[in-house]
Amino acid sequence: MESQSLNALDPWPQTVQWRPVSPKMITVELVERAIWTVILLAITGTLWLIFSSAWVLVAGGALIVGTVGGTYFSIQAIRSYGYAERERDLLVRHGRLIRRLSIVPYGRMQFVDVTAGPLERAFGLATVRLHTAAAASDATIPGLEPDEATRLRDRLAALGEDRGEGL
């Protein structure tokens, strides 16, 4: 049995082996942001052609600045994701500014989803979602290779059944 004390100001246990998500998740995020930016810039350009207002150009500039800033923070958020499997529970961490550590006991899991949207599939990634009876304790691990997502799903399902609860 593992014994750890968690410091509320530094919630990442240093005695576990953290597994990061795939770096391809950053590319997925960049492509998704690029698509939305092109759409919003097209709308902004159309509005400028219709109204010929300087405010529309200011809005377009703000959109570009916001996209660059948001992209930086999104990349940092993706890099902060990690998960660790322990004997009795799964740990999921994420967040740079506001850190979050979810500890999901295997026996409390009700079901595990593996999903992959069109962009995730294009880059060979999947997302594992853990559902418990309490919605606040659900956890999500994006950016996993499909083989790892399947392995994790199957392992979590087996551990949930072994605990006699949840799954």
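Order of Val112, Val65 from fewest to most other C-beta atoms within 10 Å?
The fewest-first ordering by Cβ neighbours comes to Val65, Val112.
Between Leu40 and Arg155, what is the spin-label point distance in nm, taking each point 7 Å from the Cα along the Cα→C-beta axis?
3.8
Tell me the label-point distance for the pair Glu145, Tyr72, using the 7 Å Cα-to-Cβ offset, in nm and rounded to one decimal.
The modelled label-to-label distance comes out at 3.3 nm.
Under DSSP H, which helices of the chain have Cα atoms covering 20 Å or more of the helix axis and a Kyte-Doolittle average no less than 0.5?
24-51, 54-80
Take the alpha carbon atoms of segment 83-162, find their radius of gyration, then divide it by 2.2 N^0.38 Å using N residues; give the quotient.
Dividing the Cα radius of gyration by 2.2 N^0.38 Å gives 1.08.
If every alpha-carbon in the chain counts as one equal scatterer, what log10 I(q)/I(0) does Debye give at q = 0.09, 0.13, 0.19 1/Å?
At q = 0.09, 0.13, 0.19 Å⁻¹ the computed log10 ratios are -0.42, -0.73, -1.20.
Give or take rounding to whole Å, what are the principal axis extents of the alpha carbon atoms in segment 24-77, in descending order?
Result for segment 24-77: principal-axis Cα extents of 40, 16, 8 Å.
Sort Leu63, Leu130 so that the residue with the fewest other Cβ atoms within 10 Å of its own Cβ comes first and the one with the most comes last.
Ordered by Cβ neighbours within 10 Å, fewest first: Leu63, Leu130.
Please build a GNM for the chain, connecting alpha carbons under 10 Å apart, and tell me which residue among Ile141, Ile75, Ile39 fluctuates the most.
Ile39
Just so you know, all these numbers are worked out from the coordinates, no wet-lab data involved. This is a predicted model, so every value here is computed, not measured. We place every Cβ from the backbone using ideal geometry, glycine too, and count neighbours over all the protein chains shown.
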